[in-house]
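The values are calculated or read from the model by the stated rules, or taken from the named source; none is laboratory data. These figures come from a predicted structure and were not determined experimentally. Every residue, glycine as well, gets a Cβ built from its backbone with ideal geometry; the counts of neighbours run over all protein chains shown. Areas reflect the complete protein model, heavy atoms only, side chains present, ligands, DNA and RNA absent. Shrake-Rupley method; radii C 1.70, N 1.55, O 1.52, S 1.80 Å.
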Amino acid sequence: MPSDLQITNIRDQANANSAITIGSDGQIIVNQDNPTITLGSNATFPAGHVIQINQTVDDTEITRSGDKSEWGPITGMSVTLPNNLQSGSKLFASYSGVYGEQSGSWWGVRTYFTVYQNSTNVIGNQVTSTRNFGLNSAGSSEASQGYWGENFSASVLFTPTGDDTAKKTVALYWKNQANISFSSYLNRTGVGSPYTGGACVLTLMEVAG
């Protein structure tokens, strides 16, 4: 038979301290300073709460040459969250890096960057879009790009697809606007060492839905 338990204080085993106080308005007050509270894996967090996070940082100089008009992964730039996602969670992915180009006369040809999840481009799949240009782009507007470099960055919030590892993993991809054979570089200018610069950073968060 259902019943109510009315209580004001919950005290410790030695009856020396009041551990928990329940106010007249139903509010629960933990009286211990800086208490350790352990939540189980089934704990429900409010929407927008960050549940877990992971990051990949890579300053390796990367070159991609030839036909780059199809999306291709950037070596070493993927990140996987340590735990499986909770039901209803979203993923928030952000990235940044330094881009350079081989010197030549293809100025204005953009290089696009995007995030792949569950083997698909989030743009047009997990995120509604009819365009195939990714999340952002970089490219020189000069006839001679040798010493040129540009920072790029973007972020996106989306509902992941797939299961287990595929669902909690994202990777950074890139491609060119047109099939023009020249070399593209990450973490350096077109000239290379000592004209390097920065690193690619890919961050992934699970956000309660």
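Here are the numbers for the structure shown:
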{"item": "Label-point separation, Ser87 to Ser105 (7 Å along Cα→Cβ), nm", "result": "6.3 nm"}
{"item": "The chain: C-alpha gyration tensor shape, a/c 1.5 cut-off, then a/b vs b/c", "result": "prolate"}
{"item": "Length-normalised contact order of region 10-91 in % [C-alpha pairs under 8 Å, at least 6 apart]", "result": "18 percent"}
{"item": "Proximal lysines relative to Lys167, as straight alpha-carbon distance under 21 Å, when same-chain residues fewer than 8 apart are discounted", "result": "Lys90"}
{"item": "Mean separation of Cα contacts under 8 Å (6+ apart) over length of region 120-209, as relative contact order %", "result": "24 percent"}
{"item": "Exposure of Arg64 as accessible area (Å², to 10), given a probe of 1.4 Å and all protein chains", "result": "50 Å²"}
{"item": "Among Glu101, Glu70, Glu61, residue whose mean-square fluctuation peaks in a GNM of the chain (springs only between Cα atoms under 10 Å)", "result": "Glu70"}
{"item": "Exposure ranking of Met1, Met205 by accessible area [1.4 Å probe, largest first]", "result": "Met1, Met205"}
{"item": "Nonlocal amide H pairs with Ile123, under 5 Å, H built at 1.01 Å", "result": "Val115"}
{"item": "Ellipticity estimate at 222 nm from DSSP helix runs (n ≥ 4, -39,500 (n - 2.57)) divided over the chain, nearest 500", "result": "-500 deg cm²/dmol"}
{"item": "Length added when fully stretched, Thr159-Ile37, from 0.36 nm per residue minus Cα-Cα", "result": "41.0 nm"}
{"item": "Cβ-based charge dipole, the chain, positive-most Cα from Ile20, Pro160, Thr120", "result": "Thr120"}
{"item": "FRET efficiency, Phe133 to Gln55 (Cβ-Cβ, R0 30 Å, nearest 0.05)", "result": "0.75"}
{"item": "Region 79-102 and region 106-160: distance between their alpha carbon centers, rounded to Å", "result": "14 Å"}
{"item": "Average accessible surface area per residue within the chain, 1.4 Å rolling probe, Å²", "result": "57 Å²"}
{"item": "In Å², nearest 10: area of Thr203 left accessible to a 1.4 Å probe", "result": "20 Å²"}
{"item": "Listed residues Ile22, Ile7 arranged by accessible area, highest first, probe 1.4 Å", "result": "Ile7, Ile22"}
{"item": "Average Cα contact separation per residue, the chain, under 8 Å, 6 or more apart, as relative contact order %", "result": "34 percent"}
{"item": "Percent accessible area from carbon and sulfur atoms, region 125-180, protein chains only, probe 1.4 Å", "result": "44 percent"}
{"item": "Size of electric dipole in the chain: Cβ of Lys, Arg +1 and of Asp, Glu -1, about Cα centre, debye, nearest 20", "result": "440 debye"}
{"item": "Solvent-accessible surface (1.4 angstrom probe) belonging to Asp12, in square angstrom, nearest 10", "result": "50 Å²"}
